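Encoded as structure tokens, the structure appears first; notes follow it.
The values are calculated or read from the model by the stated rules, or taken from the named source; none is laboratory data. Computed from a prediction, not measured in an experiment: that's the story for all the values here. Here the Cβ positions follow ideal geometry from the backbone for every residue, glycine too, while neighbour counts run over all protein chains shown.
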Amino acid sequence: MTLKKIIGKSILLAGSAFLLAACGNNSSEEIVANSAEDRYELDATTPAWQLDTKEEVTELTWYVNADWWNDSWGEDIVTKKMEEDLNIKVNFIKGDDTNLNTMFSGEDVADIVTVFDSNSQVAKQASTWAYSLDELAEKYDPYWNEVAAEDTLNWFQLEDGNTYGYPNYSNTAADYESGMIPANTNFLIRKDVYEAMGEPDFGTPEEFIASMEQMSEEYPDLIPLGFNDLGEGTGSLGDVFQDFLGVDLVNEDGSFKNRNLDEEYLGWLRTLRQVHSDGNISDDSFSDDGTAFDEKVKSGQYGTLMISGIAQLSGALQTWLAANPGAEYIAIDGPQHSEGNDPKLNQSGITGWMINYISKTTEDPAKVMQVFTYLQSEYGGILTSFGVEGETFEYDEEGKIVLLPEIQEIKDNDSERYKTEYRLGEFIFFGHDKYQALGSDSMQTPALIQPREWGEGLLYPHFVLENIDAEPGTQEARNLSAINTNWNTTLVSLIRSSSDDEFDSILANYEAFLDENGWDGIVDIRNEKMNLNREKLGLE
């Protein structure tokens, strides 16, 4: 059963009485009844957790809709410090959609609820069961508005103009412009191979084909070109490759652009068709799963890599580098747009990942609001990323954060102890990529330093394209699912086609499939939602 069906059933049927009761018990007007005005005076320049004089420990429940979540509390340096600072204890409840359904069907919703789908019914109907963060900040903790990103708050506004949920890893335009967000897409080549080949160019289709052929001749044991596993999607050969080439996100008039049919992109797919025909793309690459791909990277079997998610591949890249210094994978310019477009590399968007809510059933909304402000602040970000100054880290002479030698030793050689006792980089409810930039180079994975340097200045917000698909359960959504599946097989077939004529025939079949499956209706919905995105963020 889908999350939409689960939440829809619990909210609209079994859960409606609960939600009304929740609203009645803690309505907007009655928040004042739970006011903390006898505990502290509001100060917009100071986080409320530093002002609160409440002496008794506040016990909170926190539901996380993920079976894999580490539900321990108070056993590691991060949550111990949170307990000390905030005077709280947290009981984590983790589960799946069934557990979420059970919770909403009953009367005991956790104080904090974390889900992963901003388009789910639980998110869309948050006004019926969760507090408005705008309202809680005004009544209990105006410092929230100092640490929460205005664009993110606007992005998550519901129709009533209020924001109820706040995500982690939500990157705004300011984050993209800051230079603190690392690129996650690269064209990599083994350094030893690159230098031995005379550092050839890969920028034009002709250069790309020739360099792949040279690599095949001089290094017959290597797979000349590798790419992320495709699975049911497109790996790093679809929108990732389009971004790398700098294909425009929208048409000149701002309308939705089917980038799969962009002439520049199709020209490079024809190039890949020729490379495959020359024997320089392995057919195994189309069927390898993530594990097989990682193992080949670990053993340096690829000459070049078109890679998305380099951070997720850091372990494999570092394993190869550690065993083969001088042969590490480095980033180069690779394929380029014929008109000189710069890459438009995507990163985590403004929607983020986890979305956190404060339930109307909580008995101390002031304290829970303090938790949100605490974790969203730089203080909380540094704590959850690096721990406590003097206990786990120190600042170097350049003002960068470095782990203490004994902590770095544990991190490098005893991952289980590091996770259990320190939990650094794991408590990610309000996590953000920008905190990586606060750490010194010594804290970075060596294999990622040069590729990230290459990507500086090449990130490009894709906000206008976020959350623009048709609502689940609609005919347009079903049509889009069929189209996406068709494009997965079409992409592979185009690259594996035996001739340009067969390529053209396969492409024509894809275009016909679009027409036969209501593509125009899908585009209409996307254009409507793109305009809404522009309104939310004040984009032109």
Check: What's the number of the condition SER216 fails, among (1) crowded, with 16+ Cβ neighbours inside 10 Å; (2) of a type in the set (Ser, Thr, Tyr); (3) out of contact with any Ser or Thr (no Cβ under 7 Å at 6 or more places or on another chain); (4) closer than 28 Å to TYR460 by Cβ?
Finding: (4)
Notebook entry, point to check: Can you find even one residue in the stretch 447-458 that is of a type in the set (A, V, I, L, M, F, W, C), out of contact with any Cys (no Cβ under 9 Å at 6 or more places or on another chain), within 30 Å of ARG273 (Cβ to Cβ) and outside the structural domain of PHE286 (by TED's automatic domain parsing)?
Noted result: yes
Next item on the list: Check GLY106 against each of (1) over 18 Å from TYR374 (Cα atoms); (2) within 27 Å of the chain's Cα centre (by Cα); (3) surrounded by fewer than 21 Cβ atoms within 10 Å (Cβ to Cβ); (4) of a type outside the set (Asp, Glu) and name the one condition it does not meet.
Entry: (2)
Next item on the list: For the stretch 509-529, enumerate the residues that are in a helix (DSSP H, G or I), closer than 25 Å to GLY235 by Cβ and in contact with a helix residue (DSSP H, G or I) (Cβ under 6 Å, 6 or more places away or on another chain).
Entry: TYR510, PHE513, ILE522
Notebook entry, point to check: Scanning the stretch 249-303 for residues that are more than 25 Å from the chain's Cα centre (by Cα) and among the aromatic types (Phe, Trp, Tyr), which turns out nearest to GLU328 (Cα to Cα)?
Noted result: TYR302
Check: ILE506 is checked against (1) closer than 30 Å to ASN154 by Cβ; (2) in a helix (DSSP H, G or I); (3) touching a helix residue (DSSP H, G or I) at 6+ places or on another chain (Cβ under 9 Å) and fails just one. What number does that condition carry?
Finding: (1)
Notebook entry, point to check: What number of residues within the stretch 498-540 are over 32 Å from the mean Cα position of the chain (by Cα), of a type in the set (D, E, K, R) and either crowded, with 17+ Cβ neighbours inside 10 Å or at pLDDT below 95 (or both)?
Noted result: 0
Note to self: Please verify whether ASP288 is at pLDDT 95 or above, in a loop (DSSP other than H, G, I, E, B), at negative phi and out of contact with any Pro (no Cβ under 6 Å at 6 or more places or on another chain), treating the condition exactly as stated.
What the structure shows: no
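Would you say LYS81 is charged (D, E, K, R) and either touching a His at 6+ places or on another chain (Cβ under 9 Å) or assigned to a strand (DSSP E or B) (or both)?
In short, no.
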Notebook entry, point to check: So which pairs qualify, if the first residue must be in the stretch 316-328 and assigned to a loop (DSSP other than H, G, I, E, B), the second must be of a type in the set (Gly, Ala, Ser), the Cβ gap must be under 7 Å, and the two must be at least 6 apart or on different chains?
Noted result: ASN324/GLY300; ALA327/GLY300; GLU328/ALA447
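Restricting the search to the stretch 104-144, which residues are assigned to a helix (DSSP H, G or I) and of a type in the set (A, V, I, L, M, F, W, C)?
We begin by selecting, within the stretch 104-144, every residue assigned to a helix (DSSP H, G or I); these are 104-105, 121-124, 126-128, 133-140, 144.
Selection gives PHE104, VAL122, ALA123, ALA126, LEU133, LEU136, ALA137, TRP144.
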